[in-house]
Amino acid sequence: MKYVSTRDSKVSVNFTQALLEGIASDGGLFVPESWPWLDIEKLSKTENYADFAFQCLLPFVGEEALTSKLQDICREAFDFTIPLVPLKSQTAVLELFHGPTCAFKDVGARFLAGCMQKILGQYPSGKKNIVLVATSGDTGGAVAAAFYKKANIEVKVLFPARKISARQEKQLTAWGENVQAFAIEGNFDDCQAMVKQALVHQEFKTQINFISANSINLGRILPQMVYYAFASLQYQKQSHKLPGFIIPSGNLGNSLAAVWAWKLGFPIREIILATNANKSVLNYATTGNYKGLPTVSTLANAMDVGHPSNMERYLNLFNHEQFKNLVKVVSVEDVDIENAIRQGEKDWGQIWCPHTATAVWAREQEASSHWIIVATAHPAKFESIVEPLVKHEVAIPNELKEILKKPSQVIHLKPDLALLKKYF
Ligand SMILES: *Cc1c(COP(=O)(O)O)cnc(C)c1O
């Protein structure tokens, strides 16, 4: 399988290169050059998640050296349950939050980490391998957990000091070993700027191999197709109907995976992108013109994105007409997020996280049936928002309990690359 840049189809790489480079040399994003044929009939009879993942992803890896390891990588990445739970009104919820950091990003991060370890073992660069990641929420935790104790790879997580929740901070600082967390005196943009400076710094290039683990990396997007594929077949088997997915969206990486699963021919009827008050994607759906906007802060903060990176992949795949034939966008204000959480137990028998609440609200606006609400995180991660609304404590899942028990280790720094450099 070849991957080409969204900006120039002559820029083409294989799977390994796409993972190592993260972004194409012309600044575009990698997309599959063509779509493989999958035996969906056979896949619908595969019940083991890791086997199912292996069959879906094999044509996308398509490189001798890595294919022999793919079965193991899938087994490691898909080692927690991803249940499709039926609710009332021909609606189900796909719970993506049973991984180590209780959010869907665990799936992509674990697959990427598994691939990276095998790739770096096969092609040692002689340099130090560092995953450098700036985070304002869930990404850093998922990446830290996924790369924890992976040999010959160090992880440096930068987060804005005092600007993330206590539990989110714990998920960044509880690791140790090959994972270091840095509390930066500044905001998320300062963290991001330090990462960007490091990546282009000439002095580092000779000694350090930086690995990008952000949500534009194909190694995170491709495995996310698997749960949409699996859930759509499962739903169809049970209801003899095609489901639509409603997906809480920010940078659009998770929803893009659903679109790609549809493209592969899995039984997906339509897709709703539930966004928060950040409206650039909604504006595109309405007008056909796409323009990034300044980011607005909301209760669903992992979706606070004014200029979603993966929009470039959508625009590469679809014109406006084609986009609208498959995708609908619903923007949800904070008051409606609060209402959906407040009413969740009464209306659906569920406690929703603020992100999932956008999808629930969007579901409630739809007259049609057969919807799968995608639950992107566990509500206990956002207890300071959720508990006052549901008026009781939210039970903490075991994965999170384990992390909360560990001691924190954090290095405080001013936003200055020269200070961070000492830790490389
Ligand atoms: C990252 C995140 C999202 C947004 O996913 P994108 O792939 O950026 O669209 C939604 N919900 C939660 C809980 C997240 O952590």
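The values are calculated or read from the model by the stated rules, or taken from the named source; none is laboratory data. What you are looking at is a predicted structure, and each value in this text was computed from that prediction instead of being measured. Neighbour counts run over all protein chains shown; Cβ positions are idealised from the backbone, glycine included.
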Can you tell me which condition VAL296 does not meet? The list is (1) away from the ligand (no atom under 11 Å from the Cβ); (2) modelled with pLDDT of 95 or more; (3) farther than 26 Å from GLN55 by Cβ; (4) hydrophobic (A, V, I, L, M, F, W, C), and all the others hold.
(2)
Exactly one condition in (1) away from the ligand (no atom under 16 Å from the Cβ); (2) part of a helix (DSSP H, G or I); (3) small (Gly, Ala, Ser); (4) touching a Ser or Thr at 6+ places or on another chain (Cβ under 6 Å) is false for SER255; which is it?
(1)
Mind listing just one residue for me: the one in segment 359-416 that is over 25 Å from the mean Cα position of the chain (by Cα) and of a type in the set (Val, Ile, Thr) and, of those, nearest to PRO83 (Cα to Cα)?
VAL390
Would you pick out the residues in segment 240-252 that are of a type outside the set (D, E, K, R) and either under 17 Å from PHE230 (Cβ atoms) or more than 6 Å from the ligand (Cβ to nearest atom) (or both)?
HIS240, LEU242, PRO243, GLY244, PHE245, ILE246, ILE247
All helices (runs of 4 or more DSSP H) inside segment 297-366 with 2 or more residues being without any contact (Cβ under 8 Å) to a residue 12 or more places away in the chain, surrounded by fewer than 17 Cβ atoms within 10 Å (Cβ to Cβ) and touching a helix residue (DSSP H, G or I) at 6+ places or on another chain (Cβ under 6 Å):
none
If you scan segment 45-86, which residues turn out to be closer than 22 Å to PHE266 by Cα, outside any helix (DSSP H, G or I) and over 18 Å from the mean Cα position of the chain (by Cα)?
LYS45, THR46, GLU47, ASN48, GLY62, LEU84, VAL85, PRO86
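Which ones in segment 38-66 are without any contact (Cβ under 8 Å) to a residue 40 or more places away in the chain and of a type in the set (Phe, Trp, Tyr)? Spell out how you get there, then give the answer.
We begin by selecting, within segment 38-66, every residue without any contact (Cβ under 8 Å) to a residue 40 or more places away in the chain; these are 39, 41-42, 45-48, 50-51, 54-55, 58, 64.
Within segment 38-66, just PHE54 meets the criteria.
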If I filter segment 195-210 for residues that are closer than 21 Å to LEU20 by Cβ, surrounded by fewer than 22 Cβ atoms within 10 Å (Cβ to Cβ) and within 16 Å of the ligand (Cβ to nearest atom), do I get at least one hit?
no
Scan of segment 15-44 for residues that are modelled with pLDDT of 95 or more, part of a loop (DSSP other than H, G, I, E, B) and closer than 23 Å to SER68 by Cα, ordered by number
GLU33, SER34, TRP35, PRO36, TRP37, LEU38, ASP39
Residues located in segment 70-119, provided they are farther than 26 Å from VAL133 by Cα and more than 16 Å from the ligand (Cβ to nearest atom)
GLN71, THR81, PRO83, LEU84, VAL85, PRO86, LEU87, LYS88, SER89, GLN90, THR91, ALA92
Does segment 173-185 include one or more residues that are of a type outside the set (Asp, Glu), more than 24 Å from LYS421 (Cβ to Cβ), crowded, with 22+ Cβ neighbours inside 10 Å and within 16 Å of the ligand (Cβ to nearest atom)?
no
